[in-house]
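Student: This is the structure, below, for whatever I ask next.
Just so it is clear, none of the values below were taken in a lab; they were calculated from the coordinates. These numbers come from a predicted model, not from an experiment. Here the Cβ is made from the backbone with ideal geometry for all residues, glycine too, and neighbour counts use every protein chain on show.
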Amino acid sequence: MSANVTFPSASKYYLAQFFSYLSTMWYYVYILELNNKKHYIGCTTDVKERFRRHSKGNVPSTKAYRPLKLIWCCAFSDRYKAYQFERHLKSGSARDFTLRHLF
């Protein structure tokens, strides 16, 4: 005896959303606070691994400024938007505004 399983239309919608979520690659824009109280802004697909690399001194631009603190992170499902936002945060006026108002 085989069982036929059916889902109400709402359940099918949420199931599709769930599987779509699982297959989505996330891109993260993050801000590190360096030991000299300056900030580093970056973008990655794996925040934990990227922070580990920064902390171990494997990233030349932050190597001399350890220990570091991860102070902010934002997720994007669109790679282009993540990198566009990273560039925006690194621009002079946006960087000053962000650091002044977020922290």
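So that you can scan it fast, the table gives a plain yes or no per residue for (1) under 18 Å from the mean Cα position of the chain (by Cα); (2) among the small types (Gly, Ala, Ser):
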site	(1), (2)
Ile41	yes, no
Glu49	yes, no
Arg52	yes, no
Lys56	no, no
Ala64	no, yes
Cys73	yes, no
Ser77	yes, yes
Leu102	yes, no
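Student: Moving on. If you go through the stretch 35-53, how many residues are of a type outside the set (D, E, K, R) and over 20 Å from Phe76 (Cβ atoms)?
Tutor: The qualifying residues number 2.
Student: Which one of Ile31, Ile41 is surrounded by 13 or more Cβ atoms within 10 Å (Cβ to Cβ), touching a His at 6+ places or on another chain (Cβ under 9 Å) and at negative phi? Show your work before the answer.
Tutor: Values: Ile41 fails: touching a His at 6+ places or on another chain (Cβ under 9 Å).
Within the list Ile31, Ile41, the selection yields Ile31.
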